[in-house]
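What follows is a short report on a single structure.
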Amino acid sequence: MASIKDLIWPDDESIAFAALDGANISDLLDKLYDEDGPEFECLYSGEMEPDIAEVAPYLAKLEPGSKFSNWVHSGWGGSWGIYAVVPAELGLPQVRRHLRKLNMVYGPDSKPLLFRWYDPRVLRIMLPTCNGVQLEEMFGPVKKFVLEGETPEQGMAFSLANGKLVQELINLKV
């Protein structure tokens, strides 16, 4: 059995970010702005009204053993968001730039729609339906997405190998 920490910090060449859903975490902004809070950025751009800022998605860099990382792990099973494992040389600006591109999709009538890709209930259903081009667009520099399975005892890890989606279902120590 693996732990969430084993999945998101697999080696010294990787770092982890959490894409967190403000709509599902009532005290997210308090935790982000806490003096022990992480390096973070909103995944929306520009000035926002306070009520929008409360429910917006945020990208936070996770540090092993930090108070914030432990708090994020405590939300496992609550659809708080997803983890993105990236090469250690990437920083918050590069990861945010890529992930922000995922926020908008276009409907059949070509109208733009917000896409809640950072909700694990959405991502675990959507990724297996993507073709190779869509997978490359989704992953970009991300080595692996880690998210909740259908129960808190299950984790899911998605990665790419030779342009094909690799999906792992992992039994977790929770």
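Only the coordinates and a few stated rules stand behind these numbers; no lab work does. None of the values given here were measured: they were computed from a predicted structure. Positions of Cβ are backbone-derived with ideal geometry, glycine not excepted, and every protein chain shown enters the neighbour counts.
Suppose each label sits 7 Å from its Cα in the direction of the beta carbon; what would the residue 110-residue 35 distance come out to in nanometres?
Each label point lies 7 Å from its Cα, and together they span 5.5 nm.
Of all trypsin sites (Lys or Arg not before Pro) in region 114-174, which ones are in loop regions per DSSP and have a Cβ with at most 12 other Cβ atoms within 10 Å?
173
Suppose a student asked you for the relative contact order of region 4-171, using Cα pairs under 8 Å spaced at least 6 residues apart; what percent would you report?
Relative contact order of region 4-171: 23 percent.
If you compute Cα extents along the principal axes in Å for the structure shown, which of (i) 90, 31, 31; (ii) 43, 42, 33; (iii) 54, 53, 29 do you land on?
Computing Cα extents along the principal axes in Å and matching it to (i) 90, 31, 31; (ii) 43, 42, 33; (iii) 54, 53, 29 gives (ii).
Determine ³J(HN,Hα), in whole Hz, for all residues of region 76-82 in sequence, where each value follows from phi through the Karplus function 6.51 cos²θ - 1.76 cosθ + 1.60 and θ = phi - 60°; x replaces Gly and Pro.
Karplus values, whole Hz, x for Gly and Pro: 4, x, x, 6, 6, x, 9.
Among 127, 32, 90, which one shows the biggest mean-square fluctuation in a GNM of the chain, springs joining Cα atoms closer than 10 Å?
Checking each option, the largest mean-square fluctuation is seen for 90.
Based on alpha-carbon centroids, what's the gap between region 1-63 and region 87-105 in Å, whole number please?
13 Å
Taking the Cα-to-Cβ direction at residue 159 and at residue 94 and moving 7 Å from each Cα, how far apart do the two end points lie in nm?
1.8 nm
Projecting each Cα onto the charge dipole of the chain (Lys/Arg +1, Asp/Glu -1 at the beta carbon, about the Cα centre), which of 138, 69, 52 comes out farthest on the positive side?
The one lying farthest along the dipole's positive direction is 138.
Separation between the residue 143 and residue 122 pseudo-spin-labels, each 7 Å from Cα along Cα→Cβ, expressed in nm?
For the pair residue 143/residue 122, the computed spacing is 2.7 nm.
Kindly state, to the nearest 0.05, the FRET efficiency for residue 51 paired with residue 13, given R0 = 41 Å and r defined as their beta-carbon distance.
On the way: r = 40 Å, r/R0 = 0.98.
Working from the Cβ atoms, E equals 0.55.
How much net charge surrounds residue 137 when only the other residues with a Cβ under 14 Å from the Cβ of residue 137 are counted, with Lys and Arg +1 and Asp and Glu -1? Kindly include the intermediate steps, with their values, before the conclusion.
Numbers: positive: 97, 100, 101; negative: 136.
Summing Lys and Arg as +1 and Asp and Glu as -1 gives +2.
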